[in-house]
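Q: Once you've had a glance at the structure underneath, I'll fire off some questions.
The values are calculated or read from the model by the stated rules, or taken from the named source; none is laboratory data. Keep in mind that this is a model prediction, so the values were computed, not measured. Please note: Cβ atoms are built from the backbone with ideal geometry, for glycine as well, and neighbour counts cover all protein chains shown.
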Amino acid sequence: MAETSDTIVAIATAPGAGGVGIVRLSGPRSLAIAETACAKKLPPRVAEHARFRDEGGATLDDGIALYFAAPASYTGEDVVELQAHGSPVVLQQLVARCCALGARHARPGEFSERAFLNGKLDLTQAEAVADLIAAADIHAARAARRSLDGVFSRRVDAIADELLALRVHTEAAIDFADEPLDTLGGEALRARLSQALQAMDALALEAQRGQKLRDGLHAVIVGPPNAGKSSLLNALAGSERAIVTDIAGTTRDLLREAVRIDGIELMLVDTAGLREGGDAIEREGMRRARDEVRRADLAIVVLDARDPIGGRQAVADTVAGVPQRLWLHNKSDLLGAAEPEPEEGVLRVSARTGEGLDRLHAALRDYATGGQAGDGAFTARARHVEALRRAQDHAAIAERELAAEALDLAAERLRLAHEALGEITGRITPNDLLGHIFASFCIGK
Ligand SMILES: Nc1nc2c(c(=O)[nH]1)N(C=O)[C@@H](CNc1ccc(C(=O)N[C@@H](CCC(=O)O)C(=O)O)cc1)CN2
Ligand SMILES: Nc1nc2c(ncn2[C@@H]2O[C@H](COP(=O)(O)OP(=O)(O)OP(=O)(O)O)[C@@H](O)[C@H]2O)c(=O)[nH]1
Ligand SMILES: [Mg+2]
């Protein structure tokens, strides 16, 4: 691969001015191009101070040139970095100079794509690179780092290896179709498959949490009009983002706000209060609110602490299908001192005085991290979760077919399950999938 591919170049550092900016080359002509631009020899893995020159010999900038000889580089190809002053103008001139010397502009993700194609990273790890770069908070970053270290990939590979062994065993049994399966180790086969299914269940659960860590929690604030939903959004956001009035039906449009709580980012959405009737605008607002709730990970249900029962009825149907619900009784400051504690699982808060907001923060943090941000969590994507689910479905059918001694059918199902797992780490990949994944990277990565 390294010998035949062309040489790509891109600015590897973030757009805009910076202290230092890096132009990175990868491919067989990298060294020749860089040595011409620097007008000096570049020994591998040594930071060489150099002047970067244009075709007339004039200095574009001075900086560090760093050569990584294939295969000991990020991409597995020859790589050279030109580390210049972080001026976008200088960096663009350096890129143009490299192109004049035979490189071409890299597509988004093309460096990481080459790392994948050269076996430096598997697909899950390459995706983790992009997820690490995009991580909004430390939990997401740590989890992406674990995926990049292969924590997720190794779990997938271990199950895939086991399915492969089961395929081999099953195929072998087919060749002895006259014998009953049990004399061919059928019981052990079934036991191993059932264990593999359990391992897939456990991994699917962790991958779902990992997807949440990557994508961030999507929490929608719902409740009857005037309960204080917009006030609560403002309190959590720390600024007066939403309009608050004492008129029921103030909020109509959805208002999205990325909010950071204890270092964790989550997406909060304020919605129109839910009630019967209302004018055409308000009804459209309620329709949008219900639509948004259907896509939410968490419904934060805000009720007026003085009338929680009535409010609860107004929203019960709407929030029933949400994976998780957090019930709040707001306006606690208006309750009399004799008011009994709310029932288990309800938080009493006041958006006005801030009472109870610390407990709300803690609860939101737990929802966002699945309660287990630390120990071993890794990031995953919807693509991974979906492939795992397909693998589980095929393996579950294989289990039934084995029990019925339908060996041919079981072998085919095991093959499909094995291939679905292979898609996750890219051992088995349709080509269009690759293009799709790497196109979402930033240029220069
Ligand atoms: N300057 C710079 N910093 C960077 C990167 C880069 O490309 N340039 N990276 C870009 O993402 C990340 C590091 N990625 C890298 C991965 C592998 C190798 C490398 O030289 N690998 C060799 C040697 C391994 C070793 O000795 O430990 C190899 O794989 O054989 C270098 C950088 C983060 N920091
Ligand atoms: N005393 C008290 N008043 C509050 C509290 N939270 C909100 N309010 C008041 O209740 C009224 C309604 O607040 P909003 O935040 O607009 O309520 P909402 O749920 O967004 O209402 P709609 O947008 O109409 O659905 C305003 O007058 C707020 O000042 C609270 O904790 N204590
Ligand atoms: Mg409102």
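Q: Test each condition in (1) under 16 Å from ASN226 (Cα atoms); (2) surrounded by 13 or more Cβ atoms within 10 Å (Cβ to Cβ); (3) among the β-branched types (Val, Ile, Thr); (4) out of contact with any Phe, Trp or Tyr (no Cβ under 7 Å at 6 or more places or on another chain) for VAL259 and report the one that comes out false.
A: (1)
Q: Taking into account only those residues within the range 50-90 that are assigned to a strand (DSSP E or B) and among the β-branched types (Val, Ile, Thr), which is farthest from ligand 3 (Cβ to nearest atom)? Explain how you work it out, then say what you get.
A: Restricting attention to the range 50-90, the residues satisfying the condition of being assigned to a strand (DSSP E or B) are 50-53, 59-68, 79-86.
In the following step, the residues that additionally are among the β-branched types (Val, Ile, Thr) were identified as 59, 64, 79-80.
Details: THR59: 60, ILE64: 55, VAL79: 54, VAL80: 56 Å.
Ranking the candidates gives THR59 first.
Q: Which of the residues belonging to the range 271-293 are among the small types (Gly, Ala, Ser) and part of a loop (DSSP other than H, G, I, E, B)? I'd like the intermediate steps shown before the answer.
A: Taking the range 271-293 and keeping what is among the small types (Gly, Ala, Ser), we get 272-273, 277-278, 280, 285, 289.
Within the range 271-293, ALA272, GLY273, GLY277, GLY278 qualify.
Q: Identify all residues within the range 99-109 that are surrounded by 24 or more Cβ atoms within 10 Å (Cβ to Cβ) and either of a type in the set (S, T, N, Q) or closer than 30 Å to LYS212 by Cβ (or both); write none if there are none.
A: Scanning the range 99-109 gives a single hit, GLY109.
Q: Take the residues in the range 229-273 that are of a type in the set (Lys, Arg) and over 19 Å from VAL293 (Cβ atoms); name whichever of them is farthest from ligand 3 (Cβ to nearest atom).
A: So in the range 229-273, the residues of a type in the set (Lys, Arg) come out as 229, 241, 252, 256, 260.
From what is left, the residues that are over 19 Å from VAL293 (Cβ atoms) are 241, 260.
Values: ARG241: 11, ARG260: 22 Å.
Among those that are of a type in the set (Lys, Arg) and over 19 Å from VAL293 (Cβ atoms), it is ARG260.
Okay, residues lined up against (1) crowded, with 18+ Cβ neighbours inside 10 Å; (2) within 16 Å of ligand 3 (Cβ to nearest atom); (3) part of a helix (DSSP H, G or I):
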| position | (1), (2), (3) |
| --- | --- |
| LEU166 | yes, no, yes |
| GLU187 | no, no, yes |
| ALA196 | yes, no, yes |
| LEU205 | no, no, yes |
| ALA227 | yes, yes, no |
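Q: Looking only at residues in the range 311-321 that are buried (at least 20 other Cβ atoms within 10 Å of the Cβ) and either aliphatic (A, V, I, L, M) or more than 31 Å from the chain's Cα centre (by Cα) (or both), which one is farthest from ligand 1 (Cβ to nearest atom)? Lay out the reasoning, then the answer.
A: Going through the range 311-321, the residues buried (at least 20 other Cβ atoms within 10 Å of the Cβ) turn out to be 311, 315, 318-319.
Those left that are additionally either aliphatic (A, V, I, L, M) or more than 31 Å from the chain's Cα centre (by Cα) (or both): 311, 315, 319.
On the way: GLY311: 51, VAL315: 47, VAL319: 43 Å.
My answer is GLY311.
Q: Tell me, yes or no, whether the range 15-24 has at least one residue that is surrounded by 21 or more Cβ atoms within 10 Å (Cβ to Cβ), in contact (Cβ under 8 Å) with a residue 24 or more places away in the chain and part of a helix (DSSP H, G or I). Break it down stepwise before answering.
A: Of all residues in the range 15-24, those surrounded by 21 or more Cβ atoms within 10 Å (Cβ to Cβ) come to 21, 23-24.
Now drop any that are not in contact (Cβ under 8 Å) with a residue 24 or more places away in the chain, which leaves 21, 23-24.
Adding the requirement that they be part of a helix (DSSP H, G or I) leaves none.
Looking through the range 15-24, none of the residues is surrounded by 21 or more Cβ atoms within 10 Å (Cβ to Cβ), in contact (Cβ under 8 Å) with a residue 24 or more places away in the chain and part of a helix (DSSP H, G or I).
Q: Another question, then. Would you check if there is a residue in the range 337-354 being touching a residue at least 60 places away in the same chain (Cβ under 8 Å), crowded, with 21+ Cβ neighbours inside 10 Å, away from ligand 2 (no atom under 12 Å from the Cβ) and closer than 21 Å to ASP253 by Cβ?
A: Let us first name the residues in the range 337-354 that are touching a residue at least 60 places away in the same chain (Cβ under 8 Å), namely 349, 351-352, 354.
Checking which are crowded, with 21+ Cβ neighbours inside 10 Å leaves us with 349, 351.
Still in the list and also away from ligand 2 (no atom under 12 Å from the Cβ): none.
No, every residue in the range 337-354 fails to be touching a residue at least 60 places away in the same chain (Cβ under 8 Å), crowded, with 21+ Cβ neighbours inside 10 Å, away from ligand 2 (no atom under 12 Å from the Cβ) and closer than 21 Å to ASP253 by Cβ.
Q: Pick out the one residue from LEU433, LEU388, LEU414, LEU364 that is crowded, with 21+ Cβ neighbours inside 10 Å and modelled with pLDDT under 95. Outline the logic, then answer.
A: Values: LEU433 fails: crowded, with 21+ Cβ neighbours inside 10 Å; LEU388 fails: modelled with pLDDT under 95; LEU414 fails: modelled with pLDDT under 95.
From the options LEU433, LEU388, LEU414, LEU364, the qualifying one is LEU364.
Q: Okay, next question. Just checking, how many residues over the range 286-310 are under 22 Å from GLU240 (Cβ atoms) and either buried (at least 23 other Cβ atoms within 10 Å of the Cβ) or among the aliphatic types (A, V, I, L, M) (or both)?
A: 3
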